[in-house]
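Undergrad: Structure below; questions to follow.
Nothing in this text is a laboratory measurement; each read-out follows from the coordinates by a stated rule. All figures in this text were calculated on a predicted structure; none of them were measured in a lab. Ideal geometry is used to build each Cβ from the backbone, glycine not excepted, and the neighbour counts take in all protein chains shown.
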């Protein structure tokens, strides 16, 4: 072997070798297969790096506490949710996102079932923003909030939460206090093009949001979803929002039971909790929902805030606010005679605008078959007909506010 005699050339050879030795090795995105490469999803997640795709073959996988551990990995069921099931067996949440994952951390195409936790029976998200896409999320349970998914912005060392929840089916998930399907607290979220069927929140004294509950949250978008046959024992058969900025657009909200308040939708904020908020309810179809006390279709309660609720371009029909125990107007003193078959805005200090929408065929026991308003309300450009009240004020009733 010849020797390098030129000192100038030797110097650059040495420099080149040094650069190679200290340069970091850039990892390539890898495709990992389960069970071909690893026998379990948890083993594949432990090995994967950000940017990798884990492809999971059809089968039933009994796993829980699956943790992305801060890595932006795409977890993909190759044959879809009908043949690829992850069963938590009631031993814990099926998935955890607790380390600041971004929307590039994706779960796609699985059935996620039988998870159980205090919050987030199926998927627990704390201070992270993953994407859940095209999954069936079913038969999960939370002893507090978020039977299917819980989203919380409260986390040590992580950013705020803002997940994308798109194109999933939420079936028969349950919670005790908040959000049979999804609960969002002190966070943001986009909940788009999902179906929510048969989810329930029951047992808590203020059990709210059979499908979705948002609490003390900013920029919550609920759009293009279909919500049917969900229930809450206190308020919001489909959607309940407390102290939150909410945009509710283009949803079908049908045949939900809100217990006492808001058969379809319940909105609430107080100066001591939530403060001034803006809620937009636009271009939804809200039909056949029931509540016993206030607001068969929509109920709002804003106490001592300068909040705004805008209700425009919706179809609100065939909702009812009737308790069979109400047999005469005198029963109203015991708070069992419902008001506002379509919309009930009760004890509110806010500005409510109701425009360009159809309210029809709704029923209430005592006041306002279509609308009962106890707030400053602008009502214009509506089609309001075929509404029914058993005792007083068939179409619209206003009280306490001269501006109504």
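Undergrad: Going highest first, how would you order 69-81, 95-107 by mean Cβ packing within 10 Å? Kindly include the intermediate steps, with their values, before the conclusion.
TA: Working: 69-81: 18.8, 95-107: 21.4.
Ranked from most to least packed, the peptides come out as 95-107, 69-81.
Undergrad: Beta carbons within 10 angstrom, averaged per residue: use that to sort the peptides 310-321, 172-183, highest first. Numbers along the way, then the final one.
TA: On the way: 310-321: 24.8, 172-183: 30.3.
Most protected by this proxy first, the peptides run 172-183, 310-321.
Undergrad: Let me ask something additional. Peptides 261-270, 136-145, 116-125: what's the order by average Cβ count within 10 Å, highest mean first?
TA: Going by the mean number of other Cβ atoms within 10 Å, highest first, we get 261-270, 116-125, 136-145.
Undergrad: Which distance in nm do the two modelled labels at residue 91 and residue 33 give, with both placed 7 Å along the Cα-to-Cβ direction?
TA: In this crude spin-label approximation the distance works out to 2.7 nm.
Undergrad: Under 1.5 on a/c is rounded, so check that first for region 159-233, then, if it is not, pick prolate when a/b is larger than b/c and oblate when it is not; a ≥ b ≥ c are the square roots of the alpha carbon gyration tensor eigenvalues. Write down the numbers at each step before the final one.
TA: Values: a/c = 2.31, a/b = 1.19, b/c = 1.95.
Judged from the Cα gyration tensor, region 159-233 comes out oblate (a/c at least 1.5, b/c at or above a/b).
Undergrad: Right, next: Semi-axes of region 81-150's equivalent ellipsoid from the Cα gyration tensor, sqrt of 5 times each eigenvalue, largest first, rounded to whole Å? Present the calculation step by step, with values, prior to reporting the outcome.
TA: Values: eigenvalues 58, 51, 13 Å².
They are 17, 16, 8 Å, listed from largest to smallest.
Undergrad: Also, I was wondering about something else. Please give the FRET efficiency for residue 42 paired with residue 193, using the beta carbon to beta carbon distance and R0 = 30 Å, rounded to the nearest 0.05. List each step's numbers first, then the result.
TA: Numbers: r = 29 Å, r/R0 = 0.98.
Using R0 = 30 Å, I get an efficiency of 0.55.
Undergrad: Which of the three applies to region 208-282, rounded, prolate or oblate, going by the alpha-carbon gyration tensor with a ≥ b ≥ c and a/c under 1.5 meaning rounded? Can you show the working numbers first?
TA: Numbers: a/c = 2.43, a/b = 1.32, b/c = 1.85.
Because a/c hits 1.5 or more and a/b fails to exceed b/c, region 208-282 counts as oblate.
Undergrad: Next up: Each label point is 7 Å from the Cα along the Cα-to-Cβ direction; what then is the distance between the points at residue 103 and residue 205, in nm?
TA: 3.9
Undergrad: Follow-up question, since we're still on this one. Can you check how the C-alpha radius of gyration of region 109-209 compares to 2.2 N^0.38 Å, as a plain ratio? Could you put the intermediate results ahead of the total?
TA: Numbers: Rg = 12.1 Å, N = 101, 2.2 N^0.38 = 12.7 Å.
Rg over 2.2 N^0.38 Å, computed on Cα atoms: 0.96.
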